[in-house]
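S.K.: Pasting a structure here, questions to come.
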Amino acid sequence: MRTSSRWLFTLLSVVSAPLLYLIFAASAHANTLQSAAPQAMIDALSRANAAVVGVQVTAAEGARSSERLGSLRQGSGVVIGPDDLVLTIGYLMLEAQQIEVITQDNKVIPASAVAYDLATGFGLLKPLLPLPGISPAPLGSTQDLQAGELLMAVTGASTDGDEGEVNMALLVSKRAFSGNWEYHLDTALFTSPPIMSGNGHHSGAALFNQHGELMGIGSLFVMDVMGQNRRRPGNMFVPVDLLKPILAELQQSGSSQLSHRPWLGLTSSDEEGRVQILRVSEDSPAALAGLAAGDVVLAVDDSTVTSLESFYKKLWARAAPDAEVKLTVLQGAEIKTIVLRAQDRMLTLKKASGI
């Protein structure tokens, strides 16, 4: 069990004494931060740590997402509501058949899905039994976070006996992120060094500031936290600021309106001003239209695209998710115009029980 005293020992062993001095001296912008009293800060971080749980998901039989994510998925989540509402990263919950929460005293509690949000990447779930003794983590704001600030990343327990870990990491950058799976954030958080959890599961890890406020939810291990093709390993976190405007909507409808947008079924990359298709999902609009790996997308509706961001934003500008899309594509040595009808991605997924 990861007790409070053990956690404090872990924190102090990772962050050498004097604790408060290192936290602010390690920050490139320490003079802009408001310091908390040492004991108050330790208490806040201890409460934040206690709010983190493990998450285990078994995907439904025949789930398409199992091809990329596996049928058994493990990660973390953090309690954010007085009703034990847990925030995690959404891809863990994709097409879930069974969801379980693992507490820090190794209790495995069944849970139901509340929401999966394609636009932000967040997922919400709720245990079917109470989680006594856990105070919800307060939602913070990343607006004033500066590169160089020291943060705390926490992973949850797992059913294989891993107790989860507390990791200290520097915020390296705040910048846009485009995923190759038709996903984009105007602002994401990048930290280093990477989370060193014993089970290796950065998915859904909770990122806290010095006041114990939730800053973001872990999404990816990346090799370029600094951007501009400079190699440095670390993690990408989805900022919690994106949750606040849609939280009530997610709880009510299971997704945000922004999640219902055109989807083609492409995995792509952008290098040197070219958007190249790497993979086409089976039975997707792109597959039905004859697009294939190696094709280069030159334009959307006659507007040139040179990056994933420009490609996605032109695609998503349509009012209806199933609207027609005109692509100009380089296939081999031939430039072709291909018209296809997009799909609402949310309608192609098996819904987890509860949503």
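The values are calculated or read from the model by the stated rules, or taken from the named source; none is laboratory data. Small disclaimer: the values here were computed from a predicted structure and weren't measured. Here Cβ is always computed from backbone atoms with ideal geometry, including for glycine, and neighbour counts include all displayed protein chains. Only protein heavy atoms, including side chains, enter the accessible area calculation; ligands, DNA and RNA are left aside. Shrake-Rupley method; radii C 1.70, N 1.55, O 1.52, S 1.80 Å.
S.K.: I'd like the full set of residues that are within 23 Å of Gly164 (Cβ to Cβ), out of contact with any helix residue (DSSP H, G or I) (no Cβ under 8 Å at 6 or more places or on another chain) and either open to solvent by less than 10 Å² (accessible area, probe 1.4 Å) or polar (S, T, N, Q) (or both), limited to the range 57-73.
M.R.: Answer for the range 57-73, where residues must be within 23 Å of Gly164 (Cβ to Cβ), out of contact with any helix residue (DSSP H, G or I) (no Cβ under 8 Å at 6 or more places or on another chain) and either open to solvent by less than 10 Å² (accessible area, probe 1.4 Å) or polar (S, T, N, Q) (or both): Thr58, Ser71.
S.K.: So which pairs qualify, if the first residue must be in the range 287-304 and on the phi < 0 side of the Ramachandran plot, the second must be part of a helix (DSSP H, G or I) and among the charged types (D, E, K, R), the Cβ gap must be under 8 Å, and the two must be at least 6 apart or on different chains?
M.R.: Val300/Lys314; Ser303/Lys314
S.K.: Another one. Hey, can you tell me all the residues within the range 266-281 that are among the aliphatic types (A, V, I, L, M) and surrounded by 15 or more Cβ atoms within 10 Å (Cβ to Cβ)? Steps first, answer last, please.
M.R.: Narrowing the range 266-281 to residues among the aliphatic types (A, V, I, L, M): 266, 275, 277-278, 280.
The answer is Leu266, Val275, Ile277, Val280.
S.K.: I'm told Gly227 meets every condition in (1) over 22 Å from Ala48 (Cα atoms); (2) open to solvent by 10 Å² or more (accessible area, probe 1.4 Å); (3) not hydrophobic (A, V, I, L, M, F, W, C) except one. Can you identify the failing condition by its number?
M.R.: Looking at each condition in turn, Gly227 falls short on (2).
Listed here are the residues, each with its yes/no results for (1) in contact with a Ser or Thr (Cβ under 9 Å, 6 or more places away or on another chain); (2) assigned to a helix (DSSP H, G or I).
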| residue | (1), (2) |
| --- | --- |
| Asp43 | no, yes |
| Asn49 | yes, yes |
| Gly62 | no, no |
| Arg73 | yes, no |
| Val78 | yes, no |
| Gly81 | no, no |
| Asp84 | no, no |
| Thr88 | yes, no |
| Tyr91 | yes, yes |
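S.K.: So, one more: With Thr159, Thr142 as the choices, which residue is out of contact with any Ser or Thr (no Cβ under 7 Å at 6 or more places or on another chain) and closer than 24 Å to Lys244 by Cα?
M.R.: Working: Thr159 fails: closer than 24 Å to Lys244 by Cα.
Testing whether each residue is out of contact with any Ser or Thr (no Cβ under 7 Å at 6 or more places or on another chain) and closer than 24 Å to Lys244 by Cα leaves just Thr142.
S.K.: Then there is this: For Tyr312, which of the numbered conditions (1) over 30 Å from Ala60 (Cα atoms); (2) open to solvent by less than 60 Å² (accessible area, probe 1.4 Å); (3) in contact (Cβ under 8 Å) with a residue 12 or more places away in the chain fails to hold?
M.R.: (1)
S.K.: If I ask for residues that are of a type in the set (A, V, I, L, M), without any contact (Cβ under 8 Å) to a residue 24 or more places away in the chain and more than 23 Å from Gly75 (Cβ to Cβ), which ones from the range 206-251 would you list?
M.R.: Ala248
S.K.: Shifting gears a bit: If I filter the range 185-196 for residues that are crowded, with 24+ Cβ neighbours inside 10 Å and more than 17 Å from the chain's Cα centre (by Cα), do I get at least one hit?
M.R.: no
S.K.: In this structure, is Lys351 surrounded by fewer than 18 Cβ atoms within 10 Å (Cβ to Cβ), of a type outside the set (Ser, Thr, Tyr) and over 25 Å from Gly90 (Cα atoms)?
M.R.: Details: surrounded by fewer than 18 Cβ atoms within 10 Å (Cβ to Cβ): yes; of a type outside the set (Ser, Thr, Tyr): yes; over 25 Å from Gly90 (Cα atoms): no.
Here the answer is no, as Lys351 does not meet what is asked.
S.K.: Could you run through the range 125-145 and say how many residues are closer than 19 Å to Leu185 by Cβ, open to solvent by less than 70 Å² (accessible area, probe 1.4 Å) and out of contact with any Asp or Glu (no Cβ under 8 Å at 6 or more places or on another chain)? Steps first, please.
M.R.: Taking the range 125-145 as the starting set, the residues that turn out to be closer than 19 Å to Leu185 by Cβ are 139-145.
In the following step, the residues that additionally are open to solvent by less than 70 Å² (accessible area, probe 1.4 Å) were identified as 139-142, 145.
Cutting the leftovers down to out of contact with any Asp or Glu (no Cβ under 8 Å at 6 or more places or on another chain) gives us 145.
Residues in the range 125-145 being closer than 19 Å to Leu185 by Cβ, open to solvent by less than 70 Å² (accessible area, probe 1.4 Å) and out of contact with any Asp or Glu (no Cβ under 8 Å at 6 or more places or on another chain): 1 in total.
S.K.: Do we have any residue at all in the range 338-346 that's under 25 Å from the mean Cα position of the chain (by Cα) and at pLDDT below 95? Reasoning before the result, please.
M.R.: As a first pass, look at the range 338-346 and keep what is under 25 Å from the mean Cα position of the chain (by Cα): 342-346.
Now restrict to residues that are at pLDDT below 95: 345-346.
Yes, because at least one residue in the range 338-346 is under 25 Å from the mean Cα position of the chain (by Cα) and at pLDDT below 95.
S.K.: A follow-up question, please. Determine whether Ala317 is farther than 16 Å from Ala292 by Cα, at pLDDT 95 or above, more than 22 Å from the chain's Cα centre (by Cα) and open to solvent by less than 30 Å² (accessible area, probe 1.4 Å). Working first, answer last.
M.R.: On the way: farther than 16 Å from Ala292 by Cα: yes; at pLDDT 95 or above: yes; more than 22 Å from the chain's Cα centre (by Cα): yes; open to solvent by less than 30 Å² (accessible area, probe 1.4 Å): no.
So Ala317 fails the test.
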